[in-house]
Amino acid sequence: MTVQENTPQENTPQEPIVQKDLTQSVQFYSTGAIGMATFLGGPLIGGYLIRENYRMLQEEKKGKQALLWGIAITILVFGGLLLLPASVLDRLPSYVLPAIFAGVASWIVEVKQGAILRQHKEQNRAFYSNWKAAGLALIAALIQVVLIFVTAFFLPNDPAYETYQTQLDVFTQNEQKTLVFYDDLYTKPNRVLLYELEEIALPLWKENLQLINQTAQLENLPKELREHNDKLRTYSELRIEAFELFKRALSEDTDQYDSEIQVIHEKIDQLLNELN
């Protein structure tokens, strides 16, 4: 009889006890911590933290899948951003993608791990701090920034940049040729100065103005280059205006335009400070 009474106790299933104690001595990253970290560091850190939770649950396969998804989404997103026209990126608020990533990561955690995390919290068991999640997120962000710069360095240059730089080189060469006029202003006779204005300075600045108008038509020209272009256009117009006044003053052999020329040069100096 003693043997028969003990046999059922020895065959009693132990699975409920294992499930109950599964998370007793481990720590998890909370849904909020993973969402916040994903906002700061992107899908890569989101996938990594979800993987860490799965590792605590001894579900290595699901953990690896979460990490691989984080890596894959990171590559796809940032690869796509490198290929998008700058004009599109300029219109995209900086917080949109991080907010989407954070929302999706939080939803995945809630669906896949929400029940066990709530139970863990109800039993007053430990979670990793949000500070730790944020620190890991910043490390992940730094890694991604480095990778983006390295990738961008090896990618072919944007044709818009190359064309713009070529035009800008011509612009600078023309500018240098015309500024010789100021060196000659008090050393050369009026007829030589008028020749320089009519044959060199004015034609080259009009050419520069055409170059600027041409570069403005380039597709996918980044916002900073468009703004730089606008200032160069104003600069070119001021140079033309100044040289036209010099021409009139020399032709009429008068100094009545000196005050106007001075005002224009003050505007030019201000623009040059902004451009530099």
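The values are calculated or read from the model by the stated rules, or taken from the named source; none is laboratory data. Every value quoted in this text rests on a predicted model; they were computed, and no experiment measured them. Note: ideal-geometry Cβ built from the backbone for every residue, glycine included; neighbour counts use all protein chains shown. In case anyone asks, the SASA skips ligands and DNA or RNA and just uses the protein heavy atoms, side chains included. Shrake-Rupley method; radii C 1.70, N 1.55, O 1.52, S 1.80 Å.
Observations
- Structural size metrics of region 130-276, computed from C-alpha coordinates, are Rg and Dmax of 22.3, 77 Å.
- Angle in degrees between helix 31-41 and the longest Cα principal axis of the chain, rounded to the nearest 10: 30 degrees
- Computed helical MRE - 222 nm, the chain, DSSP H runs ≥ 4 contributing -39500 (n - 2.57), nearest 500: -26500 deg cm²/dmol
- Region 64-148: proportion of alpha-carbon pairs further apart than 21 angstrom, %: 45 percent
- Charge dipole magnitude, Cβ of K and R +1, D and E -1 - the chain, Cα centre, debye nearest 20: 1860 debye
- Between ALA216 and ASN190, the contour length at 0.36 nm per residue exceeds the alpha carbon distance by 5.7 nm.
- Efficiency of FRET from Cβ geometry, LYS62 and LYS121, R₀ 22 Å, rounded to 0.05: 0.60
- In the chain, Cα pairs under 8 Å separated by at least six residues give a relative contact order of 19 percent.
- Gain on full extension, evaluated as 0.36 nm per residue between GLU252 and GLU266 minus their Cα-Cα distance, stands at 2.7 nm.
- The angle separating the long axis of helix 96-122 from the principal Cα axis of greatest extent in the chain is about 20 degrees.
- Amide H to amide H, with H built 1.01 Å from N, LEU57 comes under 5 Å of no residue 5 or more places away or on another chain.
- Temperature 37 °C, viscosity 0.692 mPa s: under these conditions the Stokes-Einstein estimate for the chain, based on its Kirkwood radius over C-alpha pairs, is 132 µm² per second.
- Under Karplus coefficients 6.51, -1.76 and 1.60, residue-wise ³J(HN,Hα) of region 176-184 in Hz, glycine/proline x: 4, 5, 7, 6, 4, 3, 5, 5, 8
- Annotation: extensible slack from GLN165 through LEU97 equals 21.3 nm (criterion: 0.36 nm per residue apart, minus Cα-Cα distance).
- Probe 1.4 Å, all protein chains present, accessible-area order of THR172, THR31, THR166, THR178, largest first: THR166, THR172, THR31, THR178
- Per residue, region 129-257 exposes an accessible area of 62 Å² to a 1.4 Å probe, with every protein chain left in place.
- Beyond 20 Å in Cα-Cα separation lie the following of the pairs LYS188/LYS267; LYS177/LYS247; LYS231/LYS267; LYS188/LYS247: LYS188/LYS267.
- Among GLN210, GLN65, GLN262: highest mean-square fluctuation, GNM of the chain, C-alpha pairs under 10 Å: GLN262
- Between 0 and 90 degrees, the angle of helix 202-215 with respect to the longest Cα principal axis of the chain falls at about 20 degrees.
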